[in-house]
Amino acid sequence: MSVLDPAWTALLYLVAAVFFILALRGLSSPRTARRGNLVGAAGAVIAVVTVFLSARLENIPWILAAIAVGAAVAAPVARRVKMTQMPQLVALFNGVGGGAAALVALLELPHADGPWVRLAIVFTLLVGAVSFAGSGVTFAKLQELMTTRPVLFPGLPVVMAAVLLASVAAAAAVMVTGSTALAVLLLVLGLAAGALLVLPVGGADVPIVISLLNVFTGLAVAASGLVLGNVLLVVAGTLVGASGTILTRAMAAAMGRSVAGIMFGAFRGSSTAGSTAVSERPVRSSTPEDVAVLLRYAQRVIIVPGYGLAVAQGQHTAAELAQALEARGIEVDFAIHPVAGRMPGHMNVLLAEANVPYESLKEMVEINPEFKTADVALVVGANDVVNPAAKTTAGSPIYGMPILEVAAARQVVFLKRSMRPGFAGIENDLLYEPQTSLLFGDAKDSLAQVLGAVKSL
Amino acid sequence: MDGMSLLTITVLAVFVGFEVVSKVSSTLHTPLMSGANAIHGIILVGAIIVAGQATDPWVLTVALLAVVLATANLVGGFVVTDRMLHMFHARKDAARPAAGDKAAGK
């Protein structure tokens, strides 16, 4: 079926491309973000309808069935996933996109004419496979199917170098021969390279890796557009690649790290390799009642929420506690580190879900000077983002990361599950300071107990 | 389309991509990444074209797998982004203009 002539097809693809640009622009501002996303979805619908109406397609019932399967699997998962698990879902969706691009390139190989098309094919194969396997490992790390610590083994740099050399050789061979068997080999090498690239990355850096793999998939899609001679794929893939590059750098800057340092740090032996060791140093532990008294007689309280709050689903209780304190005339703010949670902006999403008013959410640069006027800093399930080692210990894996300066507050209260170090696996000296007290337990339970005690005072 | 035109379009798209997200606040990093993630699900178009031209059953099988994966990326990506943004939407009235607005509003 070919209802549309090439001019109309090109025009509709252009419309879809413009929709994608408007979508990215809309997503850059809080007021227009949701509309931006819908504009992007509309662009995608236009593009998919266009391809059905313009290209001469066989197997349409099969294709429609495959689309139905993909949508039927993905939409319910996307709708039901807990907001705390959303980063790994994004990683997963990114990976399957990369995998799809690699498969498209593989199937186009027999039809490829000319060295440039073959070059685009080997690029798509390799980068798509890296993205697929890398995202899979990222998913496993975030879902805690495997350790969140860097996975290192002796000879890793050698294995990595061997895989990369073999990939280049296989790519060259595919360029020359156009052999599908060699292309499959290249695909497998790409998968190995993707896994090896992400395995040594420490848990705290995983968000940046997701963003980087997003760039990879974008580039793979753009290259597959060159293979198919499809302008829309070229434009959409390039847009994602370019905007993702900016985003990746912005995220890395927010954590005070360089992208190259994250990806290759482990190979130089300076990654976020932490320990799981539990320290024996003495700490001052506290009771919910003590914490309630501290909070009740404070004038200014700053709550620092972290991932521990999110996994315990304690954001609603935290919001209630803030309300209870404010009702008693205490000024309460939430200090949001740019990478609180497991992705930049993740904590804003979670607290917004709990109806914490936007004005109470203070970004790091805004709140840091205010800690010295705070009577209590209540750190709920956060660790690395308040660790002074980032400022003081030059050898520390998180050295240079901007932190929330809770140490300046008159009292610091940590709500923690245990003395286990945070996601990055680094001990926090702040826990042993004299102004610090700790309340052990699940973040939500602890908050609920503190809330109850505050109300009964 | 000839190679030079495609190259021109690619280079221009790089600059548009840089420009369009240059001033986003860290609050929106996650939804923006997720939205961009959904957009590259448009590889579905490529997968449909390849599946539509397949004659060999093996080729068709692999192409249909690509269609399933691409659809998951596209549909799942937009749905999960919408869910994230729904939470920002709830307090839309209270939202103050962020740094990104100046860049976005012309």
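Below, the figures for the structure above:
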{"read-out": "Qualifying position, being touching a Pro at 6+ places or on another chain (Cβ under 7 Å), in the same structural domain as A:Glu326 (by TED's automatic domain parsing) and at pLDDT 85 or above, among A:Leu439, A:Leu451", "value": "A:Leu439"}
{"read-out": "Residue in the range B:24-32 that is more than 7 Å from chain A (Cβ to nearest Cβ) and surrounded by fewer than 24 Cβ atoms within 10 Å (Cβ to Cβ) present", "value": "yes"}
{"read-out": "Failed condition for A:Met86, given (1) in contact (Cβ under 8 Å) with a residue 40 or more places away in the chain; (2) closer than 26 Å to A:Ala172 by Cβ", "value": "(2)"}
{"read-out": "Residue within the range A:419-426 that is surrounded by 23 or more Cβ atoms within 10 Å (Cβ to Cβ) and within 22 Å of A:Leu294 (Cβ to Cβ) present", "value": "no"}
{"read-out": "Among residues of the range B:1-22, those that are within 14 Å of A:Ala236 (Cβ to Cβ) and outside any helix (DSSP H, G or I), counted", "value": "0"}
{"read-out": "Answer from A:Leu38, A:Leu22, A:Leu57, A:Leu64 - the residue that is in contact (Cβ under 8 Å) with a residue 40 or more places away in the chain and surrounded by fewer than 22 Cβ atoms within 10 Å (Cβ to Cβ)", "value": "A:Leu57"}
{"read-out": "Residue in the range A:15-40 that is farthest from the other protein chains (Cβ to nearest Cβ), counting only those that are in a helix (DSSP H, G or I) and in contact with an Asp or Glu (Cβ under 8 Å, 6 or more places away or on another chain)", "value": "A:Leu38"}
{"read-out": "A:Lys362 vs. criteria basic (Lys, Arg) and touching a helix residue (DSSP H, G or I) at 6+ places or on another chain (Cβ under 6 Å)", "value": "no"}
{"read-out": "Number of the exception - A:Gln323 against (1) free of Cβ contacts under 8 Å to residues at least 12 places away in the same chain; (2) among the polar types (S, T, N, Q); (3) assigned to a loop (DSSP other than H, G, I, E, B)", "value": "(3)"}
{"read-out": "Residues of the range A:104-119 that turn out to be of a type in the set (A, V, I, L, M, F, W, C), in a helix (DSSP H, G or I) and more than 10 Å from chain B (Cβ to nearest Cβ), as a count", "value": "2"}
{"read-out": "Filter pass, A:Leu185 being out of contact with any Phe, Trp or Tyr (no Cβ under 9 Å at 6 or more places or on another chain), surrounded by 23 or more Cβ atoms within 10 Å (Cβ to Cβ) and assigned to a helix (DSSP H, G or I)", "value": "no"}
{"read-out": "Conditions (1) among the hydroxyl-bearing types (Ser, Thr, Tyr); (2) free of Cβ contacts under 8 Å to residues at least 60 places away in the same chain; (3) facing chain B (nearest Cβ under 7 Å): number failed by A:Thr248", "value": "(3)"}
{"read-out": "Helices (runs of 4 or more DSSP H) wholly inside the range A:199-296 that include at least 1 residues being at pLDDT below 80 and more than 15 Å from the chain's Cα centre (by Cα)", "value": "A:259-268"}
{"read-out": "B:Thr71 being closer than 29 Å to A:Arg56 by Cα, more than 7 Å from every other protein chain (Cβ to nearest Cβ) and free of Cβ contacts under 8 Å to residues at least 60 places away in the same chain", "value": "no"}
{"read-out": "Enumeration of residues in the range A:42-51 that are within 16 Å of B:Ile49 (Cβ to Cβ) and at the interface with chain B (Cβ under 9 Å from one of its Cβ atoms)", "value": "A:Ala44, A:Ala47, A:Val48, A:Thr50, A:Val51"}
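Residues checked against (1) in a strand (DSSP E or B); (2) away from chain B (no Cβ under 14 Å); (3) out of contact with any Gly (no Cβ under 7 Å at 6 or more places or on another chain); (4) within 20 Å of B:Ser26 (Cβ to Cβ):
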| position | (1), (2), (3), (4) |
| --- | --- |
| A:Pro338 | no, no, yes, yes |
| A:Val349 | no, no, yes, yes |
| A:Lys362 | yes, no, yes, yes |
| A:Val365 | no, no, yes, yes |
| A:Lys372 | no, yes, yes, no |
| A:Lys391 | no, yes, yes, yes |
| A:Ala394 | no, yes, yes, no |
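Listed here are the residues, each with its yes/no results for (1) modelled with pLDDT under 95; (2) in a helix (DSSP H, G or I); (3) more than 7 Å from every other protein chain (Cβ to nearest Cβ).
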position: A:Leu53; (1), (2), (3): yes, yes, yes
position: A:Arg56; (1), (2), (3): yes, no, yes
position: A:Ile63; (1), (2), (3): no, yes, no
position: A:Ile67; (1), (2), (3): no, yes, no
position: A:Ala72; (1), (2), (3): no, yes, yes
position: A:Ala78; (1), (2), (3): yes, yes, no
position: A:Met86; (1), (2), (3): yes, yes, no
position: A:Leu89; (1), (2), (3): yes, yes, no
position: A:Ala102; (1), (2), (3): no, yes, yes
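The values are calculated or read from the model by the stated rules, or taken from the named source; none is laboratory data. For clarity, every value in this text was computed on a predicted model and none was experimentally measured. FYI the Cβ positions are ideal-geometry reconstructions off the backbone, even for glycines, and counts take in every protein chain you see.
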